[in-house]
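Okay, structure first, notes after.
The values are calculated or read from the model by the stated rules, or taken from the named source; none is laboratory data. Predicted model only: the values in this text are computed from it and were never measured. Backbone-built Cβ (ideal geometry, glycine too); neighbour counts: all protein chains shown.
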Amino acid sequence: MDDVRLSKRLSYVLRHAPGSVGLQLDDAGWVGVADLLAALAAHGAPVSRERLERLVAADAKQRYALDATGARIRASQGHSVPVDLGHAPQPPPRVLFHGTPLRALPAVLAEGLRPGRRHAVHLSEDAATARAVGRRRGPAAVLRVDAAGLAAAGAPFSRSANGVWLVAAVPPSFLAVIERD
């Protein structure tokens, strides 16, 4: 299994379906590294600890985190299973960005941004990152989010360990399209 496929498998297991390999995340989303490696091997995807550590360290988006002892691992954000990542609320920058597939734009402009199966809407600090995220599934639109206005209206923001800004939802009145493919 190449690194891209392995990363996708880790994302699936650590964010969405730990039970698919017989694991259960703790309340904060952690699972033992030894348990993860044993579960992956038992389900046809043997991975060495060294390879896992290299993958975590080299991941440009820092999707995964090892705890301070290196004994546990979790996804940094994006879970669809219940976890409390413990991100403290903090004031966001004045403006944040979100990339979305162009086909979803009419619904987003009518209903706003909602987390879907995730716990929160993911926002980035720059348009380039939002563009790249939006284009994962074809032509995209980049939205500017009035984060300061949304925070002033009472929406709590937090920031994941890898720099992704998280908020429960973004109503359409706080969105502006700045770019379309």
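Restricting to strands (runs of 3 or more DSSP E) lying wholly in the stretch 37-109: which have 2 or more residues that are basic (Lys, Arg)?
It comes to 72-75.
Within the set of pairs 6 or more residues apart or between chains, which connect a residue that is surrounded by 15 or more Cβ atoms within 10 Å (Cβ to Cβ) inside the stretch 7-27 to a residue that is of a type in the set (A, V, I, L, M) and in a loop (DSSP other than H, G, I, E, B) with Cβ atoms less than 7 Å apart?
Hits for this filter: Arg9/Ala45; Val13/Leu23; His16/Val81; Pro18/Leu25; Pro18/Val81; Leu25/Val81; Leu25/Val83.
State whether one or more residues within the stretch 97-117 are outside the structural domain of Ala130 (by TED's automatic domain parsing), at pLDDT 95 or above, in contact with a helix residue (DSSP H, G or I) (Cβ under 8 Å, 6 or more places away or on another chain) and surrounded by fewer than 16 Cβ atoms within 10 Å (Cβ to Cβ).
No; the residues of the stretch 97-117 include none that is outside the structural domain of Ala130 (by TED's automatic domain parsing), at pLDDT 95 or above, in contact with a helix residue (DSSP H, G or I) (Cβ under 8 Å, 6 or more places away or on another chain) and surrounded by fewer than 16 Cβ atoms within 10 Å (Cβ to Cβ).
If you take the residues of the stretch 1-27 that are part of a loop (DSSP other than H, G, I, E, B) and either aromatic (Phe, Trp, Tyr) or out of contact with any strand residue (DSSP E or B) (no Cβ under 7 Å at 6 or more places or on another chain) (or both), which of them is farthest from Leu55 (Cα to Cα)?
Narrowing the stretch 1-27 to residues part of a loop (DSSP other than H, G, I, E, B): 1-2, 17, 22-27.
Okay, now just the ones that are also either aromatic (Phe, Trp, Tyr) or out of contact with any strand residue (DSSP E or B) (no Cβ under 7 Å at 6 or more places or on another chain) (or both), so 1-2, 17, 22, 24, 26-27.
Values: Met1: 13, Asp2: 11, Ala17: 20, Gly22: 22, Gln24: 22, Asp26: 22, Asp27: 24 Å.
Restricting to residues being part of a loop (DSSP other than H, G, I, E, B) and either aromatic (Phe, Trp, Tyr) or out of contact with any strand residue (DSSP E or B) (no Cβ under 7 Å at 6 or more places or on another chain) (or both), the top hit is Asp27.
What's the number of the only condition in (1) in the same structural domain as Ser11 (by TED's automatic domain parsing); (2) without any contact (Cβ under 8 Å) to a residue 60 or more places away in the chain; (3) of a type outside the set (Asp, Glu) that Lys61 fails to meet?
(2)
Looking at the stretch 70-89, which of its residues are surrounded by fewer than 21 Cβ atoms within 10 Å (Cβ to Cβ) and modelled with pLDDT of 95 or more?
Answer for the stretch 70-89, where residues must be surrounded by fewer than 21 Cβ atoms within 10 Å (Cβ to Cβ) and modelled with pLDDT of 95 or more: Ala71, Arg72.
Return the pair list, or none, for Cβ contacts closer than 7 Å from residues in the stretch 88-116 that are under 14 Å from Arg137 (Cβ atoms) to residues that are of a type in the set (Asp, Glu), at least 6 apart or on different chains.
Matching pairs, first to second residue: Leu102/Asp181.
Among the numbered conditions (1) more than 23 Å from Arg15 (Cβ to Cβ); (2) of a type in the set (A, V, I, L, M, F, W, C); (3) under 20 Å from the mean Cα position of the chain (by Cα), tell me where Ala148 comes up short.
Of the numbered conditions (1) more than 23 Å from Arg15 (Cβ to Cβ); (2) of a type in the set (A, V, I, L, M, F, W, C); (3) under 20 Å from the mean Cα position of the chain (by Cα), the odd one out for Ala148 is (3).
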